[in-house]
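Asker: First the structure, then my questions, so here it is.
The values are calculated or read from the model by the stated rules, or taken from the named source; none is laboratory data. Keep in mind that what you see is a predicted model, and the values were worked out from it rather than measured. Cβ atoms come from the backbone with ideal geometry, glycine included; neighbour counts cover every protein chain shown. Surface areas here come from the heavy atoms of the whole protein model, side chains and all, with no ligands, DNA or RNA. Shrake-Rupley method; radii C 1.70, N 1.55, O 1.52, S 1.80 Å.
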Amino acid sequence: MAKVKPLSPSALYHACDPKAFGFRTTAEVEPLQGFVGQERAERAARFGVGIEREGYNLFVVGRSGVGKHHLLRQFLEQAALAKATPPDWIYVNNFISRRQPLAMRLPPGRGQRLKDDMQALVKELRTAITNAFEHEDYQSRADRVKEGGDERNKGALLELAKQAEEKGIKLIQQTPGGYAFAPVVNGEVVDSEAIDEMSERARKKLRRDMAELERQLQELLKQINKWTQEARDALRLLNEEVTRYAMAHLTDALKRRYSDLPEVLDFLSAVEADLVDNVDVFLGESEEAADAVSSVSPENNIPPRYQVNVVVSHCEDAGAPVVIEDLPTYQNLVGNVEHVTYMGTVATDFTLIRPGALHRANGGYLLVDAEQLLSQPYAWDSLKRVLRSGEIRIDSLERMLTVSGTVSLEPQAIPLDCKIVLLGEYDIYFDLMHYDREFGRLFKVLVDFSDDMPRSLDNETLFAGLLAGIIEKEGLRHLSKKAFARVVEYSARLTDDGHKLTLRASCIADLLREADFWASQVQAKLIDRVHVDEAIRERDYRFGRFRDESLAEIHKGIVMIDTAGEVVGQTNGLTVIELGEYLYGQPSRITATVRHGDGEVLDIERKVELGGAIHSKGVMILSAFIGARFGKTDPIYLAASLVFEQSYGMVDGDSASMAEMITLLSAVANVPVRQCLAITGSMNQLGQVQPIGGVNEKIEGFFDICKARGFVPGQGVVIPSQNVAHLMLREDVVAACKAGQFSIYAVSHVDEATELLLGITVGTANAKGQYAKGTLNRIIQDKLAALVEQEHASHDDEKPKKDKIKKDKKNDEPGEAEMAN
């Protein structure tokens with residue numbers, strides 16, 4: 001097998017050449033806005049916005065920081081300008097069923113205009129009606145109606161009283177509406193004793209006369225009630241006539257203004273009819289009038305029944321609305337009906353109907369964070385119900401859940417014409433697709449934002465436009481050409497790939513802001529490369545306390561890591577510690593012990609439930625690899641244990657499987673591992689090396705320890721060959737490699753790594769499956785063969801013992817004679 005050579009320094013850092021660009025500073029670059037590097041997301045968004053079909057709502061996915069919220073909002077605002085302005089929506093009183101307010105659609109801007117017109121109308125009607133009822137003409141006509149009725153009633157009663165007097169009986173008014181008859185003698189009303197002193201004939205005549213008069217009185221009172229009702233009807237007709245006359249010119253003028261809106265005309269006609277029936281509202285002559293202008297929904301002292309509740313209002317030619325709902329609760333989405341305490345009771349009316357985000361976004365676009373939506377009780381179900389039904393219906397949660405029997409309003413539903421845009425992470429999208437059968441039918445458009453884009457000259461030029469846009473928006477200093485090249489390199493490092501550029505605009509914007517700060521400290525006019533480097537170093541220092549403390553513990557020997565010498569069954573693996581957005585690498589000692597056994601490789605981390613499933617899978621792959629290489633003809637009578645030393649948390653991932661393999665081979669062959677090297681990489685059952693993540697952080701973690709202790713010859717890191725494209729190492733690491741103090745090796749097979757770390761040829765099997773003497777595989781093969789012979793010998797030693805035990809048992813059995821006896 002060919003000897004693996006260290007990578008050249010040029011392969012350790014994919015530098016950006018400032019000379020490749022045709023500008024001197026980013027001030028010469030045209031700022032770019034929109035979907036830079038996000039062609040897939042842009043096409044999906046344009047499709048989702050353009051298609052006007054049921055269920056084609058958008059779900060936007062992408063990592064935090066790629067700018068999906070900002071880009072979608074910007075895109076939708078531009079699309080909204082090209083759309084027609086949606087109608088206004090108002091709620092008005094339903095004079096037939098007050099619990100069911102009517103929703104009304106009006107052209108943009110006319111909802112608020114109608115409200116203002118109704119307020120002005122009611123104010124004018126109050127004055128006009130009051131003046132009309134106070135006018136002399138009305139007063140004289142009303143007095144004639146009242147006086148005519150009173151005189152007729154009085155005349156009829158006087159005629160009856162005259163008839164009674166002729167019979168010696170007097171009509172007495174005991175109450176305003178109650179009358180009685182009493183006998184009179186010599187002009188004086190007599191009592192019952194005087195009546196008892198009368199003759200029998202006189203008493204009988206008196207009783208007959210009084211009974212007849214009582215009968216006539218009852219008939220007369222009935223007639224008086226009839227005449228009174230006729231007078232009231234006449235007065236009511238007079239009031240209606242006067243009311244219609246007083247408001248005719250006002251309501252007719254308003255009807256002409258809204259002659260193009262039949263629904264408004266119907267509402268105004270209903271208002272007219274109600275005003276005629278309830279004119280006392282303006283005259284203040286009834287309790288109903290006092291209740292109508294109540295504190296439930298006071299507005300300019302206008303009776304609530306004649307108000308207009310503008311739910312949604314738009315300016316003409318404003319385009320479609322774009323609404324962002326940051327707190328998507330049930331009420332904030334679909335609206336609610338507010339209640340107030342009035343005269344000791346809870347009251348409401350249609351003027352207390354409050355719109356939700358769906359009302360405000362109707363005719364346009366609504367953006368909602370999916371995680372926030374799903375965390376609010378009943379919000380997700382309510383949104384699905386609205387999308388299924390195609391209408392926005394305001395229902396209280398109490399009524400839906402039958403928690404309360406409180407009577408409330410049932411506002412008429414409003415048709416939905418809105419594109420819903422949910423924004424979330426991939427796991428939310430896939431969970432909804434898996435667990436919610438309705439989700440796929442309601443959100444058919446996936447807008448997928450990428451984390452990165454390929455690093456090419458064209459894309460780097462686009463990247464310059466993106467940076468220029470951020471600089472312009474933030475008011476920052478522009479970048480020199482060298483500073484821009486450094487930002488490109490930093491962008492590649494963020495992607496963990498030297499051939500890509502990050503599209504996480506928030507991270508780049510943070511770097512530009514911080515670099516601008518450091519440039520301001522020296523009064524520089526431009527951000528130069530030194531300022532970008534300073535920003536990166538300071539950020540690393542701010543977040544690096546845990547990393548520095550870990551390095552100090554290793555340097556003091558508290559955490560045991562060897563960087564020189566050779567040890568059997570011990571290898572330096574490499575791990576990545578993730579603290580939020582900050583990553584750093586740290587070496588970890590991996591050890592193995594072997595013993596006579598049945599071929600099992602014991603994963604101690606898994607045994608104590610500190611190992612994840614992927615790590616356990618990696619250990620099982622080791623067993624499969626060893627079995628395939630050394631156990632084709634004979635069983636492997638060997639057991640081994642693997643462990644991450646001084647590891648007190650969860651261990652997962654298979655990036656240490658190659659290190660564990662080498663540790664295991666070292667322990668079996670009793671061949672020491674070079675401690676000056678660390679290794680990372682996954683492997684499959686065939687021994688092929690697979691790429692891993694965090695390669696830069698892992699290399700730098702081991703490098704920092706070697707540097708702190710002082711470099712010794714041979715120090716370096718072994719990585720998978722596929723990870724070479726991902727290398728964007730720190731400047732000091734590259735410098736050390738150039739000086740020959742540190743080396744990076746790339747391998748494609750575990751055997752290459754084994755030879756590097758063990759310093760011995762692995763060896764290749766001949767046609768008989770035998771390995772050449774002196775090779776690692778031959779050493780292991782011989783040891784395993786010895787274990788097989790030992791196992792067979794132990795079985796051979798046990799066989800005579802078993803035969804003897806059987807023979808002794810047979811001699812102890814009774815013979816035929818003994819049995820016969």
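Asker: Relative to the longest principal axis of the C-alpha atoms of the chain, give the angle of the C-alpha long axis of helix 657-669, reported between 0 and 90° and rounded to the nearest 10°.
Answerer: Around 30 degrees separate the two axes.
Asker: How much of H14 can a 1.4 Å solvent probe reach, expressed as accessible area in Å² and rounded to 10?
Answerer: For H14, the solvent-accessible surface is approximately 40 Å².
Asker: So what J values fall out for the range 354-364 if you push phi through Karplus, 6.51 cos²θ - 1.76 cosθ + 1.60 with θ = phi - 60°, rounded to Hz, Gly and Pro as x?
Answerer: Karplus values, whole Hz, x for Gly and Pro: 10, x, x, 4, 5, 5, 5, 8, 4, x, x.
Asker: Carbon and sulfur: what percent of the chain's accessible surface (1.4 Å probe)?
Answerer: Here it works out to 50 percent.
Asker: Also, quick follow-up: Kindly give Rg over Rh for the range 395-545, based on alpha-carbon atoms, with the Kirkwood expression for the hydrodynamic radius. Spell out each step's value before the answer.
Answerer: Working: Rg = 24.0 Å, Rh = 19.6 Å.
Ratio value, two decimals: 1.23.
Asker: Let me check something: with ligands and nucleic acids excluded, how do R46, R126 order by accessible area (1.4 Å probe), largest to smallest?
Answerer: R46, R126
Asker: Okay, next question. Amide H neighbours of G364 under 5 Å, counting only residues 5+ apart in sequence or on other chains, H built in-plane at 1.01 Å?
Answerer: K419
Asker: Compute the length gained on full extension between S450 and R141: take 0.36 nm times their separation in residues and subtract their Cα-Cα distance, giving the result in nm to one decimal.
Answerer: Full extension of this stretch gives 102.9 nm more.
Asker: Still on this model: Would you grab the residues whose amide H sits under 5 Å from the one on V762? Only those 5+ places off in sequence or on another chain, please, with H modelled 1.01 Å from N.
Answerer: Answer set, sorted by chain and number: L776.
Asker: Here's something else I'd like to know. Can you tell me how the range 615-734 classifies by the Cα gyration tensor, rounded, prolate or oblate, using a/c under 1.5 as the rounded cut?
Answerer: prolate
Asker: Out of residues 5 or more away from V718 or on other chains, whose amide H comes under 5 Å of its own, with H placed 1.01 Å from N in the peptide plane?
Answerer: A678, I679, T680, Y745
Asker: At 1.4 Å probe radius, can you tell me the per residue accessible area of the range 311-467 in Å²?
Answerer: Counting only protein heavy atoms, the per-residue value for the range 311-467 is 47 Å².
Asker: While we're here: Starting from the Cα-Cα distance between D274 and I51, subtract it from 0.36 nm times their residue separation and give me the gain in nm to one decimal.
Answerer: On the way: separation 223, 0.36 × 223 = 80.28 nm, distance 4.61 nm.
Additional length available on full extension: 75.7 nm.
Asker: Can you work out ³J(HN,Hα) from phi for every residue in the range 436-444, in order, using Karplus 6.51 cos²θ - 1.76 cosθ + 1.60 and θ = phi - 60°, giving whole Hz and x for Gly and Pro?
Answerer: So the Karplus estimates, Gly and Pro as x, are 10, 5, 7, 4, x, 7, 9, 10, 8 Hz.
Asker: For the peptides 659-667, 517-525, what is the packing order when you average, over each peptide's residues, the other Cβ atoms within 10 Å and list the highest mean first?
Answerer: Values: 659-667: 27.1, 517-525: 13.4.
Ranked from most to least packed, the peptides come out as 659-667, 517-525.
Asker: Could I ask something else about it? I'd like the Karplus ³J(HN,Hα) series for the range 736-747: coefficients 6.51, -1.76, 1.60, θ = phi - 60°, whole numbers in Hz, and an x wherever there's a Gly or Pro.
Answerer: Those phi angles translate into 5, 5, 5, 7, x, 8, 8, 9, 10, 10, 10, 10 Hz.
Asker: Could you give me the radius of gyration and the Dmax of the chain, taking only the C-alpha atoms into account and expressing both in angstrom?
Answerer: Taking only Cα atoms of the chain, I get Rg and Dmax of 48.4, 163 Å.
Asker: What's the extension gain from S64 to R201 if we count 0.36 nm per residue and subtract their Cα-Cα distance? Provide the component values of the computation, followed by the final result.
Answerer: On the way: separation 137, 0.36 × 137 = 49.32 nm, distance 11.44 nm.
That works out to 37.9 nm of additional length.
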